[in-house]
Amino acid sequence: MVSLTATEIAKVTGECAPVLAGGWIQKVYQPTDRTLVLEIRTPGRTHRLLISCHPDATRIHITTAAFQNPPTPPPFCQFLRAHLQGARIDKIEQLHGDRIIQLALTAKEGPCNLVAELTGKTSNLLVLDEASLVRRDLNREKDLVGQLYVPPPHPQRERGAADQARFSQDLPESPFPLSAAIEIHYRTAEGVSNIETARNIRAGILRKSIKKLRRRIEAWHEDLAKAEKYTTYDRYGELIKANLGTMRKGQTDVAVVDYFDEELPTLTIPLDQAKTPQGNMDDYFRKHRKYLAAQRELRPRIEEGNRELETLKGELTAIEQGTWQPPERPSQIARTTIRQRESRGKGRQAERQGPFRRFTSSDGLAIFVGKNARENDELTFGLAKSDDLWLHARGTPGSHVVVRLGKGADPPIETIRDAATLALLYSDLKKSGKGDVIYTRRKWVKKAKGQAPGAVIVTQEKSLHVSLEKTRLDALKARSTHE
């Protein structure tokens, strides 16, 4: 993606400014850390002005797109809401023919300016007072606050290809054809970028899953090879059983006639001298049962693991060859067949995992939610690993929430917000619709001695204030795999 040039900024400002001047900023949103959306009310209509300071896509234009906003507005957005919401837009202009736009405003505190420096990697948004002193900026450069605003050096005007029209304005149905064309352009470019990002994320997940599955298959083979040693142990058990009357404790071996062989040879069977003859017999039978169980359980598991390994390798090959496409639902990107196999369970381990509520975060990570005190205890101290993320609504009864993380991995902020929303939803704070949620690594959660199941002691926790946002809840419920 390429940012707007000064020429393009001049044209789109010329399209927007006459309509927005005289309007009122009725709402301020910051959907991402580098994107601002101003909802502006003009006579008979509401418009939304997008200002992007993303280094590779700095731009300004009217937008019709819908954005998902964070449950808690970032500090810069909170400042704008406190000081600029309700302000009248007196003028929108480009400064010095550069990639800088200034919105002259009259707020409740008096005249002020919002300046958008759309200069690529150095882009910034600044709030100036009446005397052009910096009050706050998006980049949080503390040295700027209180200083007289000085625009960045004015570069030479872009020429050649930069002056050529990049955006088709053949959109007669739109009142803002250039803005519409710019929005389509960046939406398409961001879509391509998102697909590439999804491919990279998926490839990383697949490589880790393939490595993990290979180790698991190797371990199964090793277990099977160990069990193979016990193939004839039922025979040894039967022969000891037939000779119990002639044996005594303390023997290191026993010589018996092998009546399983037609030639009836003498067979020497090793014994554990610390065990009774009965104990040695039981030990041989037990190990033979272990061999039978390994044959019954490990061989199908190895076969299934090999099939899944081929599926994962095939998907990775498709990514490397450029033929892979992400699924329609983004949440499916991170759902590997490894997770599906683990969710189907492995005997008693599957029972231990329990029927916890299960969700997938917007980043594709598994989230588990306990349904009651017993499940909370089992989830935290049975299923969760030390590096997993653990969450709980602060100071109130509620569910334990665990986010499955790889060793040393940091949870993405959207995943934290998804999990915190679930912790709030399944707590006594649900009725109020908002509250604080604590989160930490599972290793910093300890059982409270002498207390009921689910009671814990938490250290090194952090806190996040969240609200029950319908859009986020709907998305989480749509990605629920167990309710």
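No lab work stands behind these numbers, since they all come straight from the coordinates. Keep in mind the model is a prediction, meaning the values are calculated, not measured. No Cβ is skipped: glycine too gets one built from the backbone with ideal geometry, and neighbour counts run over all protein chains shown.
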Open item on the list: What's the magnitude of the charge dipole for the stretch 354-478 around its Cα centre, counting Lys and Arg as +1 and Asp and Glu as -1 at the beta-carbon? Answer in Debye, nearest 20.
Closed with: 260 debye
Task: Mean Cα-pair separation over length for the chain, i.e. relative contact order, pairs under 8 Å, 6 or more apart, % - done: 9 percent
- [ ] Based on other C-beta atoms within 10 Å, arrange Glu414, Glu15, Glu109 from fewest to most.
- [x] Glu109, Glu414, Glu15
Open item on the list: Run through the stretch 438-476 and list the trypsin sites (Lys or Arg not before Pro) located in a DSSP loop whose Cβ has at most 13 other Cβ atoms within 10 Å.
Closed with: Lys449
Task: Lys/Arg +1, Asp/Glu -1 at C-beta; the chain dipole; positive extreme among Leu105, Leu292, His83 - done: Leu292
Open item on the list: Can you compute the equivalent ellipsoid semi-axes for the chain, i.e. the square root of 5 times each eigenvalue of the Cα gyration tensor, sorted largest first and rounded to whole Å?
Closed with: 66, 27, 17
Task: Signed unit charges on C-beta, dipole axis of the chain, positive-most listed residue Phe356, Gly398, Ile205 - done: Gly398
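Once you charge only the Cβ atoms, +1 for Lys and Arg and -1 for Asp and Glu, what is the size of the charge dipole of the chain about its Cα centre, to the nearest 20 debye?
Value, rounded to 20: 1400 debye.
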Task: Size of charge dipole - the stretch 6-166 - debye, nearest 20, with Cβ of Lys, Arg +1 and Asp, Glu -1, no other charges - done: 380 debye
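Sorted by packing (mean other beta-carbon atoms within 10 Å per residue), highest first, where do 381-389, 293-301 land?
Ranking the peptides 381-389, 293-301 by packing returns 381-389, 293-301.
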TODO: Using only alpha carbon pairs under 8 Å that are at least six residues apart, calculate the relative contact order of the stretch 200-321 and give it in whole percent.
DONE: 36 percent
TODO: Divide by every residue of the chain the summed helix terms, -39500 (n - 2.57) for each DSSP H run of at least 4, and state the resulting mean residue ellipticity at 222 nm, rounded to the nearest 500 deg cm²/dmol.
DONE: -12000 deg cm²/dmol
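Would you kindly work out the equivalent ellipsoid of the stretch 200-321 from its C-alpha gyration tensor and give its semi-axes, the square roots of five times the eigenvalues, largest first in whole Å?
The equivalent ellipsoid of the stretch 200-321 has semi-axes of 47, 14, 9 Å.
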TODO: For the stretch 354-478, list log₁₀ I(q)/I(0) at each q in 0.16, 0.22 Å⁻¹, using the Debye formula over Cα point scatterers of equal strength and ignoring solvent, two decimals each.
DONE: -0.68, -1.37
Task: Options Leu422, Gly382, Ser480, ranked by Cα towards positive dipole end of the chain, top entry (Cβ charges) - done: Gly382
Open item on the list: On a 21 Å Cα-Cα criterion, which of the cross-link pairs Lys385/Lys431; Lys385/Lys447; Lys211/Lys287; Lys290/Lys385 come out too long?
Closed with: Lys385/Lys431; Lys211/Lys287; Lys290/Lys385
Open item on the list: Cut-off is 10 Å between beta-carbons; in what order do Leu422, Leu80 appear when sorted fewest neighbours first?
Closed with: Leu80, Leu422
TODO: Note down, for the stretch 6-166, the three equivalent ellipsoid semi-axes (square root of 5 times each alpha carbon gyration tensor eigenvalue), biggest first, whole angstrom.
DONE: 22, 19, 16
- [ ] Pull up the cross-link candidates among the aspartates and glutamates for Lys249, meaning alpha carbon to alpha carbon under 13 Å and not fewer than 8 places away within one chain.
- [x] Asp272
Open item on the list: Please rank Val401, Val28, fewest neighbouring Cβ atoms within 10 Å first, as an exposure proxy.
Closed with: Val28, Val401
